[in-house]
1. Can you pull out the chymotrypsin sites (Phe, Trp or Tyr not before Pro) in the stretch 59-132 whose DSSP state is coil and whose Cβ has at most 16 other Cβ atoms within 10 Å?
2. Just grab the label-to-label distance for ASP116 and SER130, each label 7 Å out from Cα along the Cβ direction, in nm (one decimal).
3. What do you get for GluC sites (Glu not before Pro) in the stretch 119-149 restricted to DSSP loop and a cutoff of at most 15 other Cβ within 10 Å of the site's Cβ?
Amino acid sequence: MRKHMLIGLSALAIASGARAQDDRSIDPAEHYSGVWLEVGRTPMRLTDGCVAGTTRYVLKDPTHVEVVDDCRQGGVGGKRRAISGRGRIEDPGVNRRLKVAYAPFVTWRYVVMDRDPEGEWFIAANPKLSKVFLYTRASPSRETLGALEARVRRLGYAGALEFPANAVAPSGEPVAQKR
């Protein structure tokens, strides 16, 4: 009976589009460096009103990353909100699991669930896939946003998504968004 239940659940997961996490390794020197634009995410009280979000990574050594997350409150010209943290790659060699300590009692775990082989975008989530984050290296087109949303749905995420204004200049400063 138990065997049949497991087979049934596996079939249901496959039929619903859920798939196992991609386990191809990531080059940490490329992925955990520079600025990524946060172009989509799970709505959270923490990010209410936050637009033009970015994550800036600086790889300190093969397993440690400096992380700065920031956004603009209320609009791309709004007041900057930022938080810094120290990240540790929890799966050296694969480099898809990052644990970031932002404060003594604030820790987040991120898993890179899917990524562009060319390094232009990636989808991260918490381990339970209850919170997701969509990142790109440049402001995406509507088509790219649609494709990223479809990919995150195929990963099994069924929750709400928001796509805040995301236009940021190479300097990291917000600019007026063109759509």
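Here, each number is a calculation from the coordinates, and none is a lab measurement. Model, not experiment: these values are computed from the prediction. Glycine also receives a Cβ, built like all others from the backbone with ideal geometry; neighbour counts cover every protein chain displayed.
1. Numbers: sites: TYR102, PHE105, TRP108, TYR110, TRP121, PHE122; in loops: PHE105.
Filter output for the stretch 59-132: PHE105.
2. 3.1
3. On the way: sites: GLU120, GLU143, GLU149; in loops: GLU120.
Those that pass, being in a loop and sparsely packed, are GLU120.
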